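The structure under discussion appears below in the form of C-alpha cells.
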Amino acid sequence: MVPTTAPVPARTRALVLAALVPVVLFTAACVVYNAPASPARNRLVGPVNRVLEPYFAQDWQLFGPTPGDSVSLVYMAARMKTPSGAVVETPPVEIEDAIDRSPQDFPINPTKLPGVLLAFDETAQKYTQQATDIKKLPADQKAAAQTDLDKSFATNFLEMRRFFSAQAATLYPHNEILAVKATFKDRPIVPFSARYANPQPVEPTDPELETSWLDYVPGVAQ
Amino acid sequence: MNRVTARLDALVLRLACQERRLIGLAMLRIVIGFATVLYCLADYDRRQFLWGPTSFHSAEVASKLLPKWGFSLFLVSNSQLWFELLFHAVIVVSIAFMIFGGRALTLAQAVLMWSLHFRNQDVLEGGDNLAQILILFMVFSVSNAYFAPGAKQRRARMRAENGPTVGTAVHNLAAYLVVFQTCMLYLTAGYWKITGKVWQDGAAMYYISRLSGFQMSTTYAHLMSSAFLGTTICYFTIFTELAFPFAVLSARPWVRKTNTLAIEAMHLGIMTCMGLVCFGMLMIGADCACLRDEDYRALYRWAVRLKDTVAERIRPSVGLSRNLIPVTEEQHASA
C-alpha cells in the first residue's frame with residue numbers, strides 16, 4: 001500500500017515499464033486520431049488508424065455536431081396484387097414521424113427504433129451527394145462512376161429493401177405485395193429567428209432521394 | 001545512470017503501490033451492466049426485427065458492414081436457437097457483471113456487448129462507442145473492489161500486499177486509460193461545439209429540440225425557444241465539456257467535483273428531454289470513473305453530515321411532540 005523506499009525489483013520495474021509502452025502509444029495515437037484535420041495530422045493519421053481501428057475506432061463529432069436544421073421524412077409506397085389479379089400502387093405514406101415518436105410510448109426506457117431511420121437518412125444523404133458529384137463528371141465517365149456508386153451502396157439498399165418490405169407487410173397485411181419504394185424528403189425546421197412569427201412560415205418539403213421499385217422481400221420479422 | 005534508475009523507480013512506485021479510482025471503476029461497471037440490460041429490454045419485443053435471424057438487418061448485411069477484425073457471435077449461426085441463447089446470455093452476463101464484476105466477467109461482457117453492437121450498428125447511440133472502448137480497458141482493471149459481494153475482503157487483500165506489484169500497475173494504467181479516453185471525448189466534443197456557428201449563436205438547443213426523434217416533450221421544445229435559456233445551456237455545455245479534462249487534472253477537489261456533477265446534470269437532461277437513456281447513463285458512468293476515491297469519500301462524509309444536520313433539525317420538534325402530556329381542562333383552569 002505505502003510506497004517503499006527500497007529499490008524496486010528489476011523484474012517488476014521491467015514489466016511495469018513494458019506495460020507503460022502501449023499506454024503511451026495509445027495516448028499519442030488517440031490525440032492524433034481525434035485532432036482536427038491539419039497537414040500534420042494528415043501525415044500521421046495512416047499509421048494511427050492502423051493502431052486504433054477497429055477496436056478503438058471513435059467518432060466524437062457525434063457529440064458536438066452542427067445540429068440538423070431539417071426534419072427527415074420517409075414516404076413509402078407499395079405495389080400490390082389485388083384478389084382480382086390487378087396490380088395497384090398505394091399512395092405514398094409517411095412512416096418516419098410515427099417511428100420517431102415511438103420512444104415517447106415508454107420514456108423510461110425508450111426504443112432504439114428511430115436510429116434505423118436516422119441511419120437510412122444518412123445513407124440517402126451520402127448517396128445523393130455522391131450522385132450529384134457524378135453528374136458533374138465528363139459524359140464518358142458518368143456510367144462507370146454511377147455503377148461503382150450503386151455497387152458501394154448495394155448493402156445499404158438491401159437493408160432498406162428488407163426494412164420497407166417489413167413495413168409494407170405491417171401496413172397492408174392481407175395483400176400480396178410485389179414491390180416497395182421509398183422517397184426521402186427533408187422539411188426545414190422553422191429558423192430560430194422566425195420561431196415566434198405569426199403565422200408560422202410554411203417550410204417547403206424537398207425530395208432528396210427516391211428509390212426505384214425494390215422487390216418485396218418476404219419473411220422479414222415485423 | 002543511478003539518477004535515471006531512481007526516477008524510473010519513482011514512476012514505478014507511483015504506479016504500482018496503490019490501486020486508484022476503485023470506487024469510480026466500480027460505478028462504471030454497474031452502469032455498463034445496467035445500461036446493457038436496458039438496451040436489450042428496450043426492444044425486447046422487437047429483438048427478432050432488430051437482431052434476429054430474420055431481421056431487416058440480415059446477417060449478410062451485418063457481415064459486410066463489420067470492420068476489419070470486427071466480430072459478432074450473433075453471426076456465427078443463423079439459427080433461431082443460437083440467437084435466443086446468445087441474446088439472453090447478453091442479459092444474464094450483464095446482470096452478473098453488474099453485480100459481481102471481476103476480470104472473467106468483464107471479458108465475457110466485452111465479447112457479448114461487442115457482438116450485440118456489431119449485429120446491428122444502426123441502433124447504436126454514441127455512448128455505446130465509448131462503452132466498447134472502456135470495457136476493453138476495464139478487463140485489465142479491478143472493478144469489483146466496491147459495491148460487489150466480497151469487496152471488503154478484496155480490499156483487505158489488496159491492502160495487505162507489500163511493495164509494488166505488476167497487477168497494481170496494470171490496474172492503474174487501465175484506470176488512467178479510462179479517464180484519458182473520457183477526457184478526450186469531452187475535449188473533442190467541446191471543440192466541435194465551440195467551432196459550430198449554431199452553438200456560438202446559442203441556437204443549437206432550439207434546433208436539437210425540434211428534431212422529432214429526440215423530442216420527448218413539447219415543454220422541452222417550448223423552453224428551448226427562449227433565447228436566454230437556450231444560449232445559457234449551449235454555453236454551459238461547451239464550458240463544462242472543454243473544462244472537463246482540466247478539472248480532472250486539478251489539485252482542487254471542489255473543481256473536480258463541481259465539473260463532474262455539472263456534466264452529469266447535463267446527461268440527466270439528455271436522458272429525460274431527448275430520450276437517450278442508455279447514452280446518458282453510460283456517459284454518467286464514464287464521468288464517475290474520473291473522480292478520485294478521496295473525492296467519493298469526501299462526498300460521502302458531506303452526505304452523512306447533511307443527513308445528521310437535517311435529522312437534528314427535525315428531531316427536537318419530533319421529540320417535543322412525543323413528550324407532550326395531554327392536559328385536561330381542569331388542570332388548565334387550576335393553572
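The values are calculated or read from the model by the stated rules, or taken from the named source; none is laboratory data. From a predicted model like this one, the values you see are computed outputs, not experimental measurements. A quick note on method: Cβ atoms are made from the backbone with ideal geometry, for glycine too, and the neighbour counts reach across all protein chains shown. We work out accessible area using only protein heavy atoms, side chains counted, and drop any ligands, DNA or RNA first. Shrake-Rupley method; radii C 1.70, N 1.55, O 1.52, S 1.80 Å.
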With every protein chain in place, what's the accessible area of residue A:89 (1.4 Å probe, Å², nearest 10)?
110 Å²
Evaluate the relative contact order of chain B (contact order divided by residue number), counting alpha-carbon pairs under 8 angstrom at least 6 apart; express in whole percent.
23 percent
What relative contact order, as a whole-number percentage, does segment A:15-89 give when Cα pairs under 8 Å and 6 or more residues apart are counted?
18 percent
By how many nm would the segment from residue A:10 to residue A:98 lengthen if fully extended, with 0.36 nm per residue of separation less the alpha-carbon distance?
25.2 nm
All other residues with a Cβ under 13 Å from the Cβ of residue B:35 taken together, and with Lys, Arg as +1 and Asp, Glu as -1, what is their net charge?
0
Distance between the C-alpha centers of segment B:212-262 and segment A:114-138? Whole Å please.
33 Å
Carbon and sulfur together cover what percent of the accessible area of the protein assembly as shown at a 1.4 Å probe radius?
63 percent
Length gained when the stretch residue A:187-residue A:125 is fully extended (0.36 nm per residue, less Cα-Cα span)
21.0 nm
Determine ³J(HN,Hα), in whole Hz, for all residues of segment B:51-62 in sequence, where each value follows from phi through the Karplus function 6.51 cos²θ - 1.76 cosθ + 1.60 and θ = phi - 60°; x replaces Gly and Pro.
10, x, x, 9, 4, 4, 8, 5, 4, 5, 5, 4
Quickly estimate the mean residue ellipticity at 222 nm for the protein assembly as shown, helices only: each DSSP H run with n ≥ 4 gives -39500 (n - 2.57), and the total goes over all residues, rounded to 500.
-20500 deg cm²/dmol
Per residue, how large is the accessible surface of chain B? Use a 1.4 angstrom probe and give square angstrom.
48 Å²
Zone of residue A:142 (label point 7 Å along Cα→Cβ, backbone N under 20 Å): which residues in segment A:194-222?
A:208-212
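Compute the signed sum of charges (Lys and Arg +1, Asp and Glu -1) over the other residues within less than 14 Å, Cβ to Cβ, of residue B:135.
My count for the surroundings of residue B:135 gives +1.
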Would you list which lysines come within 22 Å of residue B:257, measuring only between C-alpha atoms, while excluding same-chain residues fewer than 8 positions from it?
B:307
When the Cα centres of segment B:281-316 and segment A:139-218 are compared, how far apart do they sit, in Å?
51 Å
Which value, in debye to the nearest 20, gives the size of the charge dipole of chain B about its Cα centre, when Lys and Arg are +1 and Asp and Glu are -1 at the Cβ?
1120 debye
Using only protein heavy atoms and a 1.4 Å probe, report how much of residue B:235 is accessible, in Å² to the nearest 10.
120 Å²
Would you tell me the mean number of C-beta atoms belonging to other protein chains that fall within 10 Å of each C-beta in B:302-309, as a whole number?
0
If each of residue A:213 and residue B:65 carries a label point 7 Å out from its Cα toward its Cβ, how far apart are those two points in nm?
2.8 nm
To the nearest 20 debye, the protein assembly as shown has a Cα-centred charge dipole, built from +1 on Lys and Arg Cβ and -1 on Asp and Glu Cβ, of 2540 debye
With a point put 7 Å past each Cα toward its Cβ, work out how far residue A:42 is from residue B:81 in nm, to one decimal.
5.6 nm
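Take the cross-link list A:135/A:185; A:81/B:64; A:112/B:68; A:126/A:151; A:126/B:64; A:81/A:185 and give me the ones stretching past 23 Å between alpha-carbons.
The pairs that break the limit, which is 23 Å between Cα atoms, are A:81/B:64; A:112/B:68; A:81/A:185.
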For peptide B:12-22, how many partner chain Cβ atoms fall within 10 Å of a residue's Cβ, on average?
4
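In terms of solvent-accessible area of protein heavy atoms at a 1.4 angstrom probe, what is the ranking of B:82, B:51, B:302, highest value first?
Descending order: B:302, B:82, B:51.
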Ignoring ligands, DNA and RNA, how do A:140, B:43 rank by accessible area with a 1.4 Å probe, largest first?
A:140, B:43
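Expected output is a single nm value to one decimal: the length gained when fully extending between residue A:171 and residue A:132, i.e. 0.36 nm times separation in residues minus the C-alpha distance. What is it? Could the numbers behind the result be given before it?
Details: separation 39, 0.36 × 39 = 14.04 nm, distance 3.30 nm.
That works out to 10.7 nm of additional length.
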For A:164-170, A:40-46, ranked highest to lowest by mean beta-carbon neighbours within 10 Å, the order is A:164-170, A:40-46
Could you tell me which residue out of A:147, A:177, A:204 lies farthest along the dipole of segment A:134-222 toward its positive end? Charges go on the beta carbon: Lys and Arg +1, Asp and Glu -1, centred on the Cα centre.
A:204
Mean-position separation - Cα centroids, segment B:1-60 and segment B:119-146, in angstrom
4 Å
Average partner coverage of B:183-195, which counts Cβ from other chains inside 10 Å
5
Inter-label distance, nm, simple model (7 Å from Cα along the C-beta direction), residue B:197/residue B:3
5.6 nm
